[in-house]
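Q: I'd like to ask you about the structure that follows.
The values are calculated or read from the model by the stated rules, or taken from the named source; none is laboratory data. In this text the structure is predicted, and so the values were computed from the model without any measurement. Methodologically, a virtual Cβ is constructed for each residue, glycine included, from the backbone with ideal geometry; neighbour enumeration extends over all protein chains shown. What goes into the accessible areas is simple: the full protein's heavy atoms, side chains included, and nothing from ligands, DNA or RNA. Shrake-Rupley method; radii C 1.70, N 1.55, O 1.52, S 1.80 Å.
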Amino acid sequence: MLDPDKKPDPAAPKVSFVSLGCPKALVDSERIITRLRAEGYELSRQHQGSDLVIVNTCGFLDSAKAESLGAIGAALKENGKVIVTGCMGAEPESITAAYPDVLAITGPQQYESVLDAVHKALPPRHDPFLDLVPPEGIKLTPRHYAYLKISEGCNNRCTFCIIPKLRGDLVSRPAADVLREAEKLAAAGVKELLVISQDTSAYGVDIKYAASKWRDKEVRAKFIDLARALGELGIWVRLHYVYPYPHVDEVIPLMAEKKVLPYLDIPFQHASPDVLRRMKRPAAQEKTLERIARWREICPDLTLRSTFIVGFPGETEQDFEYLLQWLDEAALDRVGCFKYEPVKGAPANDLGDAVPEEVKEQRWHRFMQAQQKISARRLKRKVGTRQQVIIDEVGPTVSKGRSMADAPEIDGAVYVASRRPLRVGEIATVKIERADAYDLHGSVVGF
Ligand code: SF4
(Lines give C-alpha, C1' and ligand atoms only; values in the text may rest on other atoms or scores of the structure.)
Protein backbone atom coordinates (compact mmCIF):
# COMPACT_ATOMS: atom_id res chain seq x y z
CA MET A 1 0.00 0.00 0.00
CA LEU A 2 1.49 3.34 -0.97
CA ASP A 3 1.03 5.46 2.11
CA PRO A 4 -2.62 6.37 1.61
CA ASP A 5 -2.53 9.23 4.14
CA LYS A 6 -0.09 11.31 2.19
CA LYS A 7 -1.48 14.17 0.08
CA PRO A 8 0.06 14.37 -3.41
CA ASP A 9 2.34 17.31 -4.07
CA PRO A 10 1.68 18.45 -7.66
CA ALA A 11 5.21 19.78 -8.08
CA ALA A 12 7.00 16.66 -6.87
CA PRO A 13 8.60 14.34 -9.44
CA LYS A 14 6.26 11.42 -9.86
CA VAL A 15 7.27 7.77 -10.20
CA SER A 16 5.00 4.86 -10.99
CA PHE A 17 6.16 1.49 -9.71
CA VAL A 18 5.37 -2.07 -10.83
CA SER A 19 6.42 -4.84 -8.44
CA LEU A 20 6.39 -8.37 -9.84
CA GLY A 21 7.56 -11.67 -8.41
CA CYS A 22 7.93 -13.24 -5.01
CA PRO A 23 7.75 -11.71 -1.52
CA LYS A 24 11.52 -11.26 -1.63
CA ALA A 25 11.16 -9.00 -4.66
CA LEU A 26 8.39 -7.15 -2.85
CA VAL A 27 10.78 -6.35 -0.01
CA ASP A 28 13.26 -4.95 -2.56
CA SER A 29 10.48 -2.78 -3.99
CA GLU A 30 9.61 -1.51 -0.53
CA ARG A 31 13.23 -0.52 0.07
CA ILE A 32 13.50 1.36 -3.22
CA ILE A 33 10.20 3.12 -2.64
CA THR A 34 11.17 4.08 0.90
CA ARG A 35 14.32 5.73 -0.41
CA LEU A 36 12.49 7.52 -3.20
CA ARG A 37 9.87 8.86 -0.81
CA ALA A 38 12.58 10.02 1.56
CA GLU A 39 14.05 12.02 -1.32
CA GLY A 40 10.74 13.69 -2.10
CA TYR A 41 9.47 11.64 -5.03
CA GLU A 42 5.74 11.04 -5.26
CA LEU A 43 4.52 7.53 -5.97
CA SER A 44 1.69 7.01 -8.39
CA ARG A 45 -0.37 3.99 -9.31
CA GLN A 46 -0.69 5.13 -12.91
CA HIS A 47 1.94 5.20 -15.62
CA GLN A 48 0.11 7.95 -17.46
CA GLY A 49 0.87 11.30 -15.88
CA SER A 50 3.94 9.95 -14.06
CA ASP A 51 7.40 11.23 -14.97
CA LEU A 52 8.96 7.79 -14.90
CA VAL A 53 8.16 4.11 -14.39
CA ILE A 54 10.23 1.55 -12.47
CA VAL A 55 9.51 -2.10 -13.18
CA ASN A 56 10.84 -4.60 -10.61
CA THR A 57 10.95 -7.83 -12.60
CA CYS A 58 10.91 -11.53 -11.81
CA GLY A 59 13.07 -13.83 -13.90
CA PHE A 60 12.57 -17.16 -12.16
CA LEU A 61 10.38 -18.98 -14.66
CA ASP A 62 9.89 -18.34 -18.34
CA SER A 63 6.26 -17.45 -17.63
CA ALA A 64 7.44 -14.84 -15.06
CA LYS A 65 9.90 -13.44 -17.61
CA ALA A 66 7.11 -13.12 -20.14
CA GLU A 67 4.98 -11.29 -17.57
CA SER A 68 7.91 -8.97 -16.78
CA LEU A 69 8.51 -8.22 -20.46
CA GLY A 70 4.79 -7.53 -20.86
CA ALA A 71 4.90 -5.07 -17.95
CA ILE A 72 7.94 -3.31 -19.45
CA GLY A 73 6.20 -3.07 -22.84
CA ALA A 74 3.04 -1.65 -21.27
CA ALA A 75 5.04 0.90 -19.28
CA LEU A 76 6.94 2.01 -22.41
CA LYS A 77 3.70 2.38 -24.31
CA GLU A 78 1.87 4.30 -21.62
CA ASN A 79 4.75 6.38 -20.34
CA GLY A 80 7.91 6.00 -22.40
CA LYS A 81 10.48 6.48 -19.60
CA VAL A 82 11.21 3.14 -18.00
CA ILE A 83 13.87 1.81 -15.61
CA VAL A 84 14.05 -1.94 -15.10
CA THR A 85 15.37 -3.66 -12.00
CA GLY A 86 15.08 -7.05 -10.25
CA CYS A 87 15.95 -10.60 -11.21
CA MET A 88 15.62 -10.10 -14.95
CA GLY A 89 18.10 -7.25 -14.70
CA ALA A 90 20.80 -9.91 -14.25
CA GLU A 91 20.36 -10.73 -17.95
CA PRO A 92 20.02 -7.27 -19.51
CA GLU A 93 20.33 -8.59 -23.09
CA SER A 94 16.97 -10.32 -22.86
CA ILE A 95 15.38 -6.97 -22.07
CA THR A 96 17.28 -4.76 -24.51
CA ALA A 97 16.63 -7.25 -27.31
CA ALA A 98 12.90 -6.70 -26.89
CA TYR A 99 12.97 -3.09 -25.68
CA PRO A 100 16.08 -1.15 -26.67
CA ASP A 101 14.49 2.08 -25.38
CA VAL A 102 14.52 1.34 -21.65
CA LEU A 103 16.51 4.03 -19.82
CA ALA A 104 18.48 1.74 -17.50
CA ILE A 105 18.62 -1.85 -16.31
CA THR A 106 19.91 -2.86 -12.89
CA GLY A 107 20.11 -6.27 -11.23
CA PRO A 108 18.47 -7.61 -8.07
CA GLN A 109 19.25 -5.77 -4.80
CA GLN A 110 21.13 -3.02 -6.58
CA TYR A 111 19.25 -0.31 -4.75
CA GLU A 112 21.95 2.31 -5.26
CA SER A 113 22.07 1.73 -9.02
CA VAL A 114 18.30 2.06 -9.32
CA LEU A 115 18.39 5.32 -7.38
CA ASP A 116 21.30 6.62 -9.49
CA ALA A 117 19.34 5.83 -12.64
CA VAL A 118 16.28 7.62 -11.25
CA HIS A 119 18.35 10.68 -10.23
CA LYS A 120 19.80 10.85 -13.72
CA ALA A 121 16.48 10.55 -15.53
CA LEU A 122 14.45 12.57 -13.05
CA PRO A 123 16.46 14.66 -10.58
CA PRO A 124 14.97 14.95 -7.07
CA ARG A 125 13.43 18.27 -6.12
CA HIS A 126 15.17 19.94 -3.23
CA ASP A 127 12.57 20.36 -0.55
CA PRO A 128 13.65 21.55 2.88
CA PHE A 129 10.23 20.68 4.27
CA LEU A 130 10.39 17.18 2.97
CA ASP A 131 7.86 14.90 4.64
CA LEU A 132 9.48 12.37 6.87
CA VAL A 133 9.08 8.81 5.78
CA PRO A 134 7.42 6.80 8.56
CA PRO A 135 10.07 5.01 10.65
CA GLU A 136 9.08 1.57 9.42
CA GLY A 137 9.59 2.59 5.78
CA ILE A 138 6.98 2.38 3.07
CA LYS A 139 5.27 -0.97 2.93
CA LEU A 140 3.58 -2.40 -0.12
CA THR A 141 1.90 -5.00 2.05
CA PRO A 142 -1.12 -3.97 4.14
CA ARG A 143 -0.23 -2.25 7.38
CA HIS A 144 -0.99 -5.17 9.63
CA TYR A 145 1.53 -7.56 8.17
CA ALA A 146 5.02 -7.13 6.78
CA TYR A 147 7.74 -9.22 5.24
CA LEU A 148 11.03 -9.34 7.09
CA LYS A 149 13.97 -10.28 4.89
CA ILE A 150 16.80 -11.81 6.90
CA SER A 151 19.27 -12.65 4.14
CA GLU A 152 19.93 -12.47 0.43
CA GLY A 153 21.18 -15.15 -1.94
CA CYS A 154 21.66 -18.85 -1.43
CA ASN A 155 24.51 -21.33 -0.92
CA ASN A 156 22.54 -24.27 -2.35
CA ARG A 157 22.67 -25.27 -5.98
CA CYS A 158 19.33 -26.90 -6.73
CA THR A 159 19.55 -27.94 -10.35
CA PHE A 160 16.21 -26.38 -11.40
CA CYS A 161 17.02 -22.98 -9.95
CA ILE A 162 18.99 -19.97 -11.19
CA ILE A 163 18.53 -17.83 -8.09
CA PRO A 164 22.12 -18.28 -6.85
CA LYS A 165 23.26 -17.18 -10.31
CA LEU A 166 21.02 -14.13 -10.15
CA ARG A 167 21.40 -13.25 -6.48
CA GLY A 168 24.71 -14.80 -5.48
CA ASP A 169 25.68 -16.73 -2.35
CA LEU A 170 24.04 -16.30 1.03
CA VAL A 171 24.57 -12.93 2.71
CA SER A 172 22.91 -12.71 6.12
CA ARG A 173 21.93 -9.51 7.89
CA PRO A 174 23.24 -9.14 11.44
CA ALA A 175 20.64 -10.30 13.97
CA ALA A 176 20.46 -6.89 15.67
CA ASP A 177 19.68 -5.25 12.32
CA VAL A 178 16.85 -7.65 11.63
CA LEU A 179 15.49 -7.32 15.16
CA ARG A 180 15.58 -3.53 15.11
CA GLU A 181 13.61 -3.52 11.87
CA ALA A 182 11.14 -6.01 13.37
CA GLU A 183 10.79 -3.85 16.49
CA LYS A 184 10.09 -0.74 14.40
CA LEU A 185 7.49 -2.58 12.39
CA ALA A 186 5.80 -3.80 15.57
CA ALA A 187 5.88 -0.26 17.00
CA ALA A 188 4.28 1.02 13.78
CA GLY A 189 1.32 -1.33 14.27
CA VAL A 190 2.35 -4.42 12.32
CA LYS A 191 0.70 -7.48 13.87
CA GLU A 192 2.33 -10.21 11.83
CA LEU A 193 5.87 -10.62 10.53
CA LEU A 194 6.62 -12.98 7.66
CA VAL A 195 10.25 -14.02 7.85
CA ILE A 196 11.64 -14.60 4.37
CA SER A 197 14.93 -15.42 2.64
CA GLN A 198 15.96 -18.10 0.13
CA ASP A 199 16.91 -20.54 2.89
CA THR A 200 15.79 -19.36 6.32
CA SER A 201 17.26 -22.25 8.28
CA ALA A 202 20.74 -21.50 6.85
CA TYR A 203 20.58 -17.98 8.31
CA GLY A 204 23.95 -16.77 9.61
CA VAL A 205 26.15 -19.55 8.18
CA ASP A 206 28.05 -17.00 6.07
CA ILE A 207 28.81 -14.73 9.05
CA LYS A 208 29.62 -17.67 11.33
CA TYR A 209 26.51 -16.95 13.41
CA ALA A 210 28.12 -13.71 14.67
CA ALA A 211 26.37 -12.24 17.71
CA SER A 212 25.23 -8.62 17.78
CA LYS A 213 23.69 -6.50 20.52
CA TRP A 214 19.92 -6.09 20.65
CA ARG A 215 18.18 -4.62 23.69
CA ASP A 216 20.52 -5.61 26.52
CA LYS A 217 21.82 -8.88 25.15
CA GLU A 218 23.89 -10.49 22.47
CA VAL A 219 21.86 -12.38 19.85
CA ARG A 220 23.57 -14.83 17.51
CA ALA A 221 22.72 -14.72 13.82
CA LYS A 222 21.28 -18.21 14.05
CA PHE A 223 17.87 -19.48 13.02
CA ILE A 224 16.79 -20.59 16.50
CA ASP A 225 18.20 -17.53 18.32
CA LEU A 226 16.54 -15.18 15.88
CA ALA A 227 13.22 -17.04 16.16
CA ARG A 228 13.44 -16.84 19.96
CA ALA A 229 14.20 -13.10 19.92
CA LEU A 230 11.43 -12.36 17.40
CA GLY A 231 9.11 -14.32 19.67
CA GLU A 232 9.69 -11.68 22.38
CA LEU A 233 7.98 -8.99 20.31
CA GLY A 234 4.52 -10.30 21.17
CA ILE A 235 3.23 -10.32 17.58
CA TRP A 236 2.67 -13.15 15.11
CA VAL A 237 5.91 -14.41 13.58
CA ARG A 238 5.64 -16.75 10.61
CA LEU A 239 8.65 -18.64 9.21
CA HIS A 240 8.92 -19.20 5.47
CA TYR A 241 11.39 -21.15 3.31
CA VAL A 242 12.73 -23.38 6.05
CA TYR A 243 14.65 -26.50 4.98
CA PRO A 244 14.45 -29.53 7.24
CA TYR A 245 18.03 -29.43 8.55
CA PRO A 246 18.29 -31.26 11.90
CA HIS A 247 18.47 -28.01 13.91
CA VAL A 248 14.97 -27.05 12.72
CA ASP A 249 13.68 -29.47 15.40
CA GLU A 250 14.69 -26.88 17.99
CA VAL A 251 12.08 -24.39 16.83
CA ILE A 252 9.12 -26.76 17.36
CA PRO A 253 8.92 -26.25 21.17
CA LEU A 254 8.83 -22.47 20.55
CA MET A 255 5.88 -23.12 18.26
CA ALA A 256 4.18 -25.30 20.87
CA GLU A 257 4.45 -22.34 23.27
CA LYS A 258 3.11 -20.03 20.49
CA LYS A 259 6.19 -17.80 20.78
CA VAL A 260 6.31 -18.08 17.00
CA LEU A 261 3.37 -19.28 14.93
CA PRO A 262 3.02 -23.07 14.72
CA TYR A 263 3.53 -22.87 10.98
CA LEU A 264 6.41 -24.11 8.88
CA ASP A 265 6.78 -23.44 5.19
CA ILE A 266 9.17 -26.11 3.90
CA PRO A 267 9.56 -26.34 0.12
CA PHE A 268 10.08 -30.12 -0.14
CA GLN A 269 9.73 -30.11 -3.97
CA HIS A 270 9.68 -33.92 -4.11
CA ALA A 271 9.89 -37.05 -1.98
CA SER A 272 11.50 -39.66 -4.20
CA PRO A 273 15.17 -39.99 -3.15
CA ASP A 274 16.25 -40.28 -6.80
CA VAL A 275 14.49 -37.13 -7.89
CA LEU A 276 15.73 -35.22 -4.84
CA ARG A 277 19.26 -36.29 -5.63
CA ARG A 278 18.97 -35.07 -9.20
CA MET A 279 17.44 -31.85 -7.91
CA LYS A 280 20.37 -31.50 -5.45
CA ARG A 281 17.97 -30.42 -2.74
CA PRO A 282 19.31 -29.28 0.62
CA ALA A 283 18.60 -31.57 3.60
CA ALA A 284 17.18 -34.21 1.24
CA GLN A 285 18.69 -37.02 3.31
CA GLU A 286 16.80 -36.24 6.49
CA LYS A 287 14.11 -38.73 7.50
CA THR A 288 11.30 -36.30 6.98
CA LEU A 289 8.24 -38.45 7.63
CA GLU A 290 9.50 -39.54 11.03
CA ARG A 291 10.45 -36.00 11.89
CA ILE A 292 7.07 -34.63 10.85
CA ALA A 293 5.41 -37.19 13.14
CA ARG A 294 7.67 -36.15 16.01
CA TRP A 295 7.04 -32.43 15.38
CA ARG A 296 3.30 -33.05 15.53
CA GLU A 297 3.64 -34.91 18.81
CA ILE A 298 5.40 -31.90 20.34
CA CYS A 299 3.17 -29.34 18.66
CA PRO A 300 -0.18 -30.83 17.61
CA ASP A 301 -1.35 -27.52 16.10
CA LEU A 302 1.58 -27.37 13.69
CA THR A 303 0.63 -26.39 10.13
CA LEU A 304 2.93 -27.59 7.39
CA ARG A 305 2.98 -25.88 4.02
CA SER A 306 5.06 -26.92 1.06
CA THR A 307 5.54 -26.74 -2.67
CA PHE A 308 6.32 -29.54 -5.11
CA ILE A 309 7.49 -29.91 -8.68
CA VAL A 310 6.09 -32.69 -10.86
CA GLY A 311 7.55 -33.76 -14.18
CA PHE A 312 11.18 -33.05 -13.22
CA PRO A 313 13.57 -34.56 -15.82
CA GLY A 314 13.83 -38.31 -15.32
CA GLU A 315 10.82 -38.52 -12.95
CA THR A 316 9.41 -42.02 -13.52
CA GLU A 317 5.88 -43.21 -12.82
CA GLN A 318 7.39 -45.01 -9.83
CA ASP A 319 8.94 -41.79 -8.50
CA PHE A 320 5.62 -40.07 -8.89
CA GLU A 321 3.69 -42.86 -7.11
CA TYR A 322 6.24 -42.64 -4.31
CA LEU A 323 5.51 -38.93 -4.04
CA LEU A 324 1.75 -39.51 -3.84
CA GLN A 325 2.19 -42.09 -1.13
CA TRP A 326 4.55 -39.85 0.80
CA LEU A 327 2.06 -37.02 0.51
CA ASP A 328 -0.69 -39.16 1.95
CA GLU A 329 1.46 -40.14 4.90
CA ALA A 330 2.87 -36.68 5.52
CA ALA A 331 -0.65 -35.18 5.39
CA LEU A 332 0.63 -31.66 4.84
CA ASP A 333 -1.91 -28.93 5.42
CA ARG A 334 -1.17 -26.56 2.57
CA VAL A 335 0.48 -27.52 -0.67
CA GLY A 336 1.30 -25.84 -3.98
CA CYS A 337 2.35 -27.82 -7.04
CA PHE A 338 4.13 -26.72 -10.20
CA LYS A 339 4.82 -28.49 -13.44
CA TYR A 340 8.55 -28.50 -14.12
CA GLU A 341 9.57 -25.67 -16.41
CA PRO A 342 13.04 -25.68 -17.95
CA VAL A 343 14.36 -22.31 -16.82
CA LYS A 344 17.05 -21.01 -19.15
CA GLY A 345 20.47 -21.52 -17.58
CA ALA A 346 19.34 -24.13 -15.04
CA PRO A 347 21.61 -27.21 -14.87
CA ALA A 348 18.55 -29.54 -14.78
CA ASN A 349 18.03 -28.86 -18.48
CA ASP A 350 21.16 -30.91 -19.21
CA LEU A 351 19.93 -33.95 -17.29
CA GLY A 352 18.03 -35.30 -20.30
CA ASP A 353 14.97 -37.53 -19.91
CA ALA A 354 12.50 -34.68 -20.19
CA VAL A 355 8.99 -35.68 -19.12
CA PRO A 356 6.46 -35.11 -21.95
CA GLU A 357 4.09 -32.18 -21.40
CA GLU A 358 0.96 -34.35 -21.36
CA VAL A 359 2.46 -36.60 -18.67
CA LYS A 360 3.37 -33.53 -16.59
CA GLU A 361 -0.18 -32.29 -16.99
CA GLN A 362 -1.70 -35.63 -15.90
CA ARG A 363 0.63 -35.90 -12.91
CA TRP A 364 -0.21 -32.37 -11.87
CA HIS A 365 -3.94 -33.18 -11.88
CA ARG A 366 -3.44 -36.43 -9.99
CA PHE A 367 -1.28 -34.62 -7.45
CA MET A 368 -3.81 -31.81 -6.96
CA GLN A 369 -6.70 -34.24 -6.56
CA ALA A 370 -4.82 -36.25 -3.95
CA GLN A 371 -3.78 -33.12 -2.05
CA GLN A 372 -7.23 -31.58 -2.18
CA LYS A 373 -8.60 -34.57 -0.28
CA ILE A 374 -5.82 -34.34 2.31
CA SER A 375 -6.28 -30.61 2.71
CA ALA A 376 -10.06 -30.99 3.13
CA ARG A 377 -9.51 -33.75 5.69
CA ARG A 378 -7.08 -31.58 7.67
CA LEU A 379 -9.42 -28.57 7.59
CA LYS A 380 -12.44 -30.58 8.65
CA ARG A 381 -10.69 -31.39 11.93
CA LYS A 382 -10.92 -27.70 12.77
CA VAL A 383 -14.72 -27.53 12.69
CA GLY A 384 -15.92 -26.86 16.23
CA THR A 385 -12.58 -25.43 17.41
CA ARG A 386 -11.82 -21.82 18.32
CA GLN A 387 -9.14 -20.10 16.29
CA GLN A 388 -7.43 -16.75 16.50
CA VAL A 389 -8.10 -14.95 13.21
CA ILE A 390 -6.39 -11.82 11.90
CA ILE A 391 -8.73 -9.74 9.76
CA ASP A 392 -7.48 -8.82 6.27
CA GLU A 393 -10.61 -7.43 4.58
CA VAL A 394 -13.75 -6.10 6.17
CA GLY A 395 -17.13 -6.85 4.60
CA PRO A 396 -20.67 -5.68 5.50
CA THR A 397 -21.68 -9.00 7.06
CA VAL A 398 -18.75 -11.33 6.55
CA SER A 399 -15.08 -10.38 6.82
CA LYS A 400 -12.09 -12.23 5.44
CA GLY A 401 -9.21 -13.21 7.68
CA ARG A 402 -6.57 -15.82 8.32
CA SER A 403 -5.87 -18.18 11.20
CA MET A 404 -2.37 -18.97 12.44
CA ALA A 405 -2.39 -21.73 9.82
CA ASP A 406 -2.73 -19.37 6.85
CA ALA A 407 -0.06 -17.16 5.35
CA PRO A 408 -1.27 -14.22 3.29
CA GLU A 409 -1.62 -14.66 -0.47
CA ILE A 410 -0.59 -18.33 -0.58
CA ASP A 411 -2.92 -20.14 1.82
CA GLY A 412 -6.66 -20.29 2.41
CA ALA A 413 -8.84 -17.88 4.35
CA VAL A 414 -11.29 -17.81 7.23
CA TYR A 415 -14.62 -16.13 6.47
CA VAL A 416 -15.88 -14.55 9.64
CA ALA A 417 -19.38 -13.40 10.60
CA SER A 418 -19.52 -10.84 13.39
CA ARG A 419 -22.19 -8.83 15.17
CA ARG A 420 -19.95 -5.85 15.67
CA PRO A 421 -17.96 -4.35 12.78
CA LEU A 422 -14.41 -5.65 12.58
CA ARG A 423 -11.28 -3.69 11.80
CA VAL A 424 -8.49 -4.65 9.42
CA GLY A 425 -5.58 -6.01 11.45
CA GLU A 426 -7.74 -6.89 14.44
CA ILE A 427 -7.32 -10.39 15.88
CA ALA A 428 -10.61 -12.07 16.85
CA THR A 429 -11.45 -15.43 18.39
CA VAL A 430 -13.60 -17.31 15.91
CA LYS A 431 -15.61 -20.47 16.38
CA ILE A 432 -15.21 -22.56 13.22
CA GLU A 433 -18.55 -23.80 11.92
CA ARG A 434 -17.78 -25.13 8.47
CA ALA A 435 -14.88 -26.14 6.23
CA ASP A 436 -14.56 -26.56 2.49
CA ALA A 437 -11.55 -27.76 0.50
CA TYR A 438 -9.35 -24.74 1.24
CA ASP A 439 -11.20 -22.28 3.50
CA LEU A 440 -12.94 -22.14 6.87
CA HIS A 441 -16.12 -20.32 7.91
CA GLY A 442 -17.11 -19.23 11.41
CA SER A 443 -18.38 -16.56 13.80
CA VAL A 444 -16.64 -14.25 16.24
CA VAL A 445 -16.99 -15.39 19.84
CA GLY A 446 -14.49 -13.05 21.47
CA PHE A 447 -11.55 -10.72 21.04
S1 SF4 B 1 17.45 -23.45 -1.96
FE2 SF4 B 1 17.57 -24.23 -4.06
S3 SF4 B 1 15.64 -23.51 -4.98
FE4 SF4 B 1 15.93 -22.29 -3.16
S5 SF4 B 1 17.05 -20.46 -3.91
FE6 SF4 B 1 18.58 -21.93 -3.19
S7 SF4 B 1 19.19 -23.00 -5.03
FE8 SF4 B 1 17.22 -22.02 -5.49
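Q: Quick one: how many residues across region 276-311 are in contact with a strand residue (DSSP E or B) (Cβ under 8 Å, 6 or more places away or on another chain), within 15 Å of the ligand (Cβ to nearest atom) and over 19 Å from M404 (Cβ atoms)?
A: Residues that pass the stated criteria total 6.
This table checks each residue for (1) without any contact (Cβ under 8 Å) to a residue 24 or more places away in the chain; (2) part of a helix (DSSP H, G or I); (3) charged (D, E, K, R).
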| position | (1), (2), (3) |
| --- | --- |
| D225 | no, yes, yes |
| G234 | no, no, no |
| V237 | no, no, no |
| Y243 | no, no, no |
| P253 | no, yes, no |
| R277 | yes, yes, yes |
| D301 | no, no, yes |
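Q: Looking only at region 19-42, filter to residues that are at pLDDT 80 or above, under 14 Å from A146 (Cα atoms) and charged (D, E, K, R); which one of those is surrounded by the most Cβ atoms within 10 Å (Cβ to Cβ)?
A: Applying the filter and picking the extreme gives D28.
Q: Can you find a residue that is modelled with pLDDT of 95 or more, open to solvent by 10 Å² or more (accessible area, probe 1.4 Å), under 25 Å from A186 (Cα atoms) and under 23 Å from the mean Cα position of the chain (by Cα) anywhere in region 427-440?
A: yes
Q: Within region 187-202, track down each residue that is open to solvent by less than 10 Å² (accessible area, probe 1.4 Å) and within 16 Å of the ligand (Cβ to nearest atom). Walk me through how you get there before you give the answer.
A: Keep residues of region 187-202 that are open to solvent by less than 10 Å² (accessible area, probe 1.4 Å), which gives 190, 192-197, 199-201.
Within region 187-202, V195, I196, S197, D199, T200, S201 qualify.
Q: Moving on to the next point. With L148, L166, L170 as the choices, which residue is surrounded by 21 or more Cβ atoms within 10 Å (Cβ to Cβ) and at pLDDT below 90? Spell out how you get there, then give the answer.
A: Details: L148 fails: at pLDDT below 90; L170 fails: at pLDDT below 90.
So the residue among L148, L166, L170 that is surrounded by 21 or more Cβ atoms within 10 Å (Cβ to Cβ) and at pLDDT below 90 is L166.
Q: Could you tell me whether any residue of region 203-220 is part of a helix (DSSP H, G or I), in contact with a strand residue (DSSP E or B) (Cβ under 6 Å, 6 or more places away or on another chain) and within 16 Å of the ligand (Cβ to nearest atom)?
A: yes
Q: While we're here: What number of residues within region 79-112 satisfy the criterion of being part of a helix (DSSP H, G or I), over 24 Å from the mean Cα position of the chain (by Cα) and of a type in the set (G, A, S)? Outline the logic, then answer.
A: Within region 79-112, the first condition is being part of a helix (DSSP H, G or I), and the residues that meet it are 87-90, 92-98, 111-112.
Then drop every residue that is not over 24 Å from the mean Cα position of the chain (by Cα), which leaves 92-98.
Now restrict to residues that are of a type in the set (G, A, S): 94, 97-98.
Total meeting the criteria: 3.
Q: Filter region 255-275 for residues that are assigned to a helix (DSSP H, G or I), in contact (Cβ under 8 Å) with a residue 24 or more places away in the chain and away from the ligand (no atom under 16 Å from the Cβ) and give the result.
A: Matches in region 255-275: M255, A256, D274.
Q: Further question on the same structure: For region 149-168, what are the residues that are outside any strand (DSSP E or B) and either of a type in the set (S, T, Y) or more than 10 Å from the ligand (Cβ to nearest atom) (or both)? Give the derivation first.
A: Let us first name the residues in region 149-168 that are outside any strand (DSSP E or B), namely 150, 153-168.
Passing the criteria: I150, T159, G168.
Q: Filter region 315-363 for residues that are in a helix (DSSP H, G or I), under 30 Å from D301 (Cβ atoms) and of a type in the set (A, V, I, L, M, F, W, C) and give the result.
A: Residues of region 315-363 in a helix (DSSP H, G or I): 317-330, 347-351, 357-363.
Adding the requirement that they be under 30 Å from D301 (Cβ atoms) leaves 322-330.
Answer for region 315-363, where residues must be in a helix (DSSP H, G or I), under 30 Å from D301 (Cβ atoms) and of a type in the set (A, V, I, L, M, F, W, C): L323, L324, W326, L327, A330.
Q: Looking at region 393-403 only, could you name the residues that are surrounded by 20 or more Cβ atoms within 10 Å (Cβ to Cβ) and either farther than 20 Å from R238 by Cα or touching a Lys or Arg at 6+ places or on another chain (Cβ under 9 Å) (or both)?
A: Looking only at region 393-403, we keep the residues that are surrounded by 20 or more Cβ atoms within 10 Å (Cβ to Cβ), and these are 399, 401-403.
Once the filter is applied, which keeps residues that are surrounded by 20 or more Cβ atoms within 10 Å (Cβ to Cβ) and either farther than 20 Å from R238 by Cα or touching a Lys or Arg at 6+ places or on another chain (Cβ under 9 Å) (or both), region 393-403 yields S399, S403.
Q: Looking only at region 349-389, how many residues end up being open to solvent by 60 Å² or more (accessible area, probe 1.4 Å) and aromatic (F, W, Y)?
A: Total meeting the criteria: 1.
Q: Inside region 234-252, can you point out the residues that are away from the ligand (no atom under 15 Å from the Cβ) and at positive phi?
A: Result: G234, single match.
Q: Separate question: Can you tell me which residue within region 43-67, out of those that are polar (S, T, N, Q) and open to solvent by 50 Å² or more (accessible area, probe 1.4 Å), is nearest to E78 (Cα to Cα)? Full working, then the answer.
A: At the first step, the residues of region 43-67 found to be polar (S, T, N, Q) are 44, 46, 48, 50, 56-57, 63.
Now narrow it down to the ones that are open to solvent by 50 Å² or more (accessible area, probe 1.4 Å): 46, 48, 63.
Numbers: Q46: 9, Q48: 6, S63: 23 Å.
The qualifying residue nearest to E78 (Cα to Cα) is Q48.
Q: If R180 satisfies all but one of (1) within 13 Å of the ligand (Cβ to nearest atom); (2) surrounded by fewer than 16 Cβ atoms within 10 Å (Cβ to Cβ); (3) outside any loop (DSSP other than H, G, I, E, B), what's the number of the condition it fails?
A: Unmet for R180, out of (1) within 13 Å of the ligand (Cβ to nearest atom); (2) surrounded by fewer than 16 Cβ atoms within 10 Å (Cβ to Cβ); (3) outside any loop (DSSP other than H, G, I, E, B): (1).
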